[in-house]
1. So residue 138 passes all but one of these: (1) on the phi < 0 side of the Ramachandran plot; (2) in contact with a Pro (Cβ under 9 Å, 6 or more places away or on another chain); (3) surrounded by 23 or more Cβ atoms within 10 Å (Cβ to Cβ). Which condition number does it fail?
2. Only one of these conditions is not met by residue 234: (1) touching a Phe, Trp or Tyr at 6+ places or on another chain (Cβ under 7 Å); (2) closer than 19 Å to residue 274 by Cβ; (3) not aliphatic (A, V, I, L, M). Which number is it?
3. Please enumerate the residues belonging to region 251-283 that are of a type outside the set (Ser, Thr, Tyr), part of a loop (DSSP other than H, G, I, E, B) and either out of contact with any helix residue (DSSP H, G or I) (no Cβ under 8 Å at 6 or more places or on another chain) or within 24 Å of residue 179 (Cβ to Cβ) (or both).
4. Does any residue of region 147-160 turn out to be within 17 Å of residue 209 (Cα to Cα) and part of a loop (DSSP other than H, G, I, E, B)?
5. Could you please find all residues in region 24-58 being surrounded by 13 or more Cβ atoms within 10 Å (Cβ to Cβ) and of a type in the set (A, V, I, L, M, F, W, C)?
6. Please indicate, with yes or no, whether at least one residue in region 170-190 is on the phi < 0 side of the Ramachandran plot, modelled with pLDDT of 95 or more, part of a loop (DSSP other than H, G, I, E, B) and under 16 Å from the mean Cα position of the chain (by Cα).
7. Yes or no: residue 96 aromatic (Phe, Trp, Tyr), touching a helix residue (DSSP H, G or I) at 6+ places or on another chain (Cβ under 6 Å), crowded, with 23+ Cβ neighbours inside 10 Å and modelled with pLDDT of 95 or more?
8. Return the residues of region 145-185 that are more than 18 Å from residue 228 (Cα to Cα), of a type outside the set (A, V, I, L, M, F, W, C) and in contact (Cβ under 8 Å) with a residue 40 or more places away in the chain; say none if nothing qualifies.
Amino acid sequence: MKACSWIFYASAALFLGSFTPSTLAAYKPSKAVPPQPAREYRAAWIATVSNIDWPSKNAKATAEQKAELVAIMDTAAALKLNTLIFQVRPGCDAMYASRIEPWSEYLTGAMGKAPSPAYDPLSFAVEEAHRRGIELHAWFNPYRARHSSAKSPVSPNHISKTKPHLVKEYGRMLWLDPGEKEVQDHSLSVVMDVVRRYDIDGVHFDDYFYPYKERDPKGGELEFPDDASWKKYGAQSKLSRDDWRRHNVNIFIERVYRSIKDTKPWVKFGISPFGIWKPGYPQQIKGFDQY
């Protein structure tokens, strides 16, 4: 299990040129004590895609899967963590009993195959986390439709079969097109199905929105194949194509937030973007960025 530390950056500027030596000498530290945070957010990820964290193998029996999850919960409690971020939708599949998407192959070895003996991993995870005073946040990948590590045949009720016009092949993975309104509706319905039916404490997205840029054999960047949605929705707007893509994400995030809060105001909603917003801000900053 990989512990995840959450770092929030704040910046402050002190312009010493606006102070004279006499005013600096007159400064006296305050005796005021700021209030302590009500609860520090100490969290860890439980990644299910490719069986990174849980279950360790995708064909383990129910009893073994439960035992592994309990061991993770016990470790989290021993480390004094108070939140676990449990990946429930690796790629338009489900690590829980879904009416919308098929069972994940990372759970049973075959997409669409339910655990045997039957149980609901998300219900079990929520119960075990709460038993230890730990929040359980459901972690969704909003647009990835199939991971490159997937090996089993695609089940008939997977979106690539039921609505192939919404799914794009890009690199070695399948993706939903964020520019399609129907995609936004579908992913929102998946999130809200979990919010309504499970006693989760939060909904979480990581950095998966539009995919990382893929490259051709010569190293050139390949464009995400969203020509159809761009022509349908974006080409007539005043936005550039990249700004239009960012706008699609903004709209979806707002819809998710409002839907969660209208249904269960106490359920948190959070996103973990990259630490770098955009290279060059400040000037010396470089690297893989969220922008």
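The values are calculated or read from the model by the stated rules, or taken from the named source; none is laboratory data. Here the structure is a predicted model, which is why all the values come from computation and not from measurement. All Cβ positions, glycine included, derive from the backbone under ideal geometry; neighbour counts span all protein chains shown.
1. Unmet for residue 138, out of (1) on the phi < 0 side of the Ramachandran plot; (2) in contact with a Pro (Cβ under 9 Å, 6 or more places away or on another chain); (3) surrounded by 23 or more Cβ atoms within 10 Å (Cβ to Cβ): (2).
2. It is condition (2) that residue 234 fails.
3. Here is the first cut: in region 251-283, the ones of a type outside the set (Ser, Thr, Tyr) are 251-256, 258, 260-262, 264-271, 273-280, 282-283.
This time we only want the ones that are part of a loop (DSSP other than H, G, I, E, B), so: 264-267, 273-280, 282-283.
Of everything in region 251-283, those that are of a type outside the set (Ser, Thr, Tyr), part of a loop (DSSP other than H, G, I, E, B) and either out of contact with any helix residue (DSSP H, G or I) (no Cβ under 8 Å at 6 or more places or on another chain) or within 24 Å of residue 179 (Cβ to Cβ) (or both) turn out to be 265, 266, 273, 274, 275, 276, 277, 278, 279, 280, 282, 283.
4. Residues of region 147-160 that are within 17 Å of residue 209 (Cα to Cα), as a first pass: 147-148.
Next cut, part of a loop (DSSP other than H, G, I, E, B) only: 147-148.
Checked region 147-160: at least one residue is within 17 Å of residue 209 (Cα to Cα) and part of a loop (DSSP other than H, G, I, E, B).
5. Taking region 24-58 as the starting set, the residues that turn out to be surrounded by 13 or more Cβ atoms within 10 Å (Cβ to Cβ) are 41-55, 58.
Residues satisfying the conditions are 43, 44, 45, 46, 47, 49, 52, 54.
6. yes
7. Values: aromatic (Phe, Trp, Tyr): yes; touching a helix residue (DSSP H, G or I) at 6+ places or on another chain (Cβ under 6 Å): yes; crowded, with 23+ Cβ neighbours inside 10 Å: yes; modelled with pLDDT of 95 or more: yes.
Yes.
8. Passing the criteria: 146, 147, 149, 151, 152, 153, 155, 156, 157, 158, 171.
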